[in-house]
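Bear in mind that the values in this text are calculations on the coordinates, not laboratory data. From a predicted model like this one, the values you see are computed outputs, not experimental measurements. No Cβ is skipped: glycine too gets one built from the backbone with ideal geometry, and neighbour counts run over all protein chains shown.
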Amino acid sequence: MDATTASDTTVLDFTIGVPNARVARQFADDAETIAGEIHRVVVTSQKTVQLAVLGLLAEGHILLEDVPGVGKTLLAKSLSGAIACDFKRIQFTPDLLPTDITGTTVFDMKSSSFNFVEGPIFSNIVLADEINRTGPRTQAALLEAMAEHQVSIEGNVVKLPSPFMVIATQNLSESHGTFPLPDSQKDRFMISVGMGLPSAEQEVEILSRSQHGMPDAAPVISGQRIVEMRELVKGVEVDLKIRQYIVKLAGHTRANTAVHHGLSPRGGAALQRAAQAWAALNGRAYLEPQDVSEIAEYVIPHRLMMQPAAGMSAREAALTAVDETRVPA
């Protein structure tokens with residue numbers, strides 16, 4: 001079955017009166033425009049940039065984990081710069097307080113009343129730089145925002161703007177003065193990815209671009225279009241067999257004796273949404289098994305709790321689940 005035929009038979013009526021194949025192709029073209037602008041600034045692999053765009057369009061948050069100096073912060077800033085929306089950066093430090101993120105109420109002498117002053121979390125894209133350098137209490141201030149797109153302050157619930165996304169970075173090579181992210185916090189991130197060291201050719205290109213100062217990404221798409229594309233991702237059709245495949249993958253991680261806690265139902269839902277976005281990025285309005293298997297290693301590992309003497313990493317456990325789970329016919 002070709003892509004045009006398949007997409008025309010799926011339920012995807014985001015744009016009334018426009019053939020589904022055309023809607024899916026426009027989605028892929030717009031996503032490629034965002035990726036192209038990021039590549040103009042950041043020298044990294046195509047897959048890394050695709051995953052960053054995927055997180056944005058799948059309403060997910062991204063955790064960038066790697067050694068210092070490989071471009072994690074630059075990637076986050078370039079992703080936000082390619083979109084015409086608000087961006088805030090929070091540099092996490094040991095003395096950062098929860099109210100430094102969410103905001104606080106201040107007393108206005110003139111009006112004799114308390115007014116709420118919004119914190120940096122009230123932005124479309126928030127960069128939580130070196131998130132593991134602050135304590136658990138402050139890290140937890142992000143939980144409600146990431147899960148519910150709202151914050152509770154002094155008994156009042158305040159909605160965050162749309163679109164909303166958190167991109168967090170942490171350096172894996174340093175442990176002094178850091179606070180490991182709790183599992184509940186990691187589970188809020190849809191995607192976890194390491195950028196890796198550049199090749200020799202890429203490093204030469206980095207030096208060339210930085211000789212006169214690194215360029216900044218320019219807005220190439222509106223925030224409203226991002227909201228529309230997120231709705232389109234939700235319309236990507238998922239067959240019952242694909243859902244059963246995701247459940248089997250989750251079950252495999254739970255049955256693995258090297259894994260203490262396997263993929264949760266929430267993790268399975270995140271895998272499905274990420275796979276929907278992956279299919280849309282490839283111009284399709286329907287999900288195929290390879291969409292799930294190709295994205296699994298970036299969605300599953302950071303959600304697994306391994307046994308102390310596991311003998312394998314979380315990534316290896318995720319890849320084993322993909323290798324040993326039968327793909328639906």
Lysines with Cα under 29 Å of residue 72, excluding same-chain neighbours fewer than 8 positions away: 47, 88, 159, 186, 234
Protection proxy ranking of 74-84, 37-47, 269-279, 107-117 - average other beta-carbon atoms within 10 Å, highest first: 269-279, 74-84, 37-47, 107-117
Net length gained if the chain between residue 307 and residue 140 were fully extended (0.36 nm per residue, minus Cα distance): 57.6 nm
Under-5 Å amide H pairs with residue 105, H placed in peptide plane, nonlocal only: 117
Shape category assigned to region 213-286 from the gyration tensor of Cα positions, a/c cut at 1.5: oblate
Segment residue 152-residue 202, length gained on full extension (0.36 nm per residue, minus Cα span): 13.6 nm
Phi-based couplings in Hz for region 210-225 (Karplus 6.51, -1.76, 1.60; Gly and Pro marked x): 8, 4, 10, x, 5, x, 9, 6, 10, x, 10, 7, 7, x, 5, 5
Contact order relative to length of region 21-225, as percent, for alpha carbon pairs under 8 angstrom and 6 or more apart: 32 percent
Full-stretch length increase - residue 22, residue 290 - with 0.36 nm per residue and alpha-carbon distance subtracted: 94.3 nm
For residue 239, distant residues with modelled amide H under 5 Å away: 287
Simple Cβ-charge dipole of the chain, Lys/Arg +1 and Asp/Glu -1, about Cα centre, in debye nearest 20: 440 debye
Antiparallel %, DSSP beta bridges [both residues in the chain], to 5: 40 percent
Region 221-290 - percent relative contact order, Cα under 8 Å, separation 6 or more: 41 percent
Unit charges at the beta carbon, dipole of the chain: most positive-side option, 140, 96, 62: 140
Electrostatic dipole magnitude of region 236-329 [Cβ: Lys, Arg +1; Asp, Glu -1; Cα centre; debye, to 20]: 320 debye
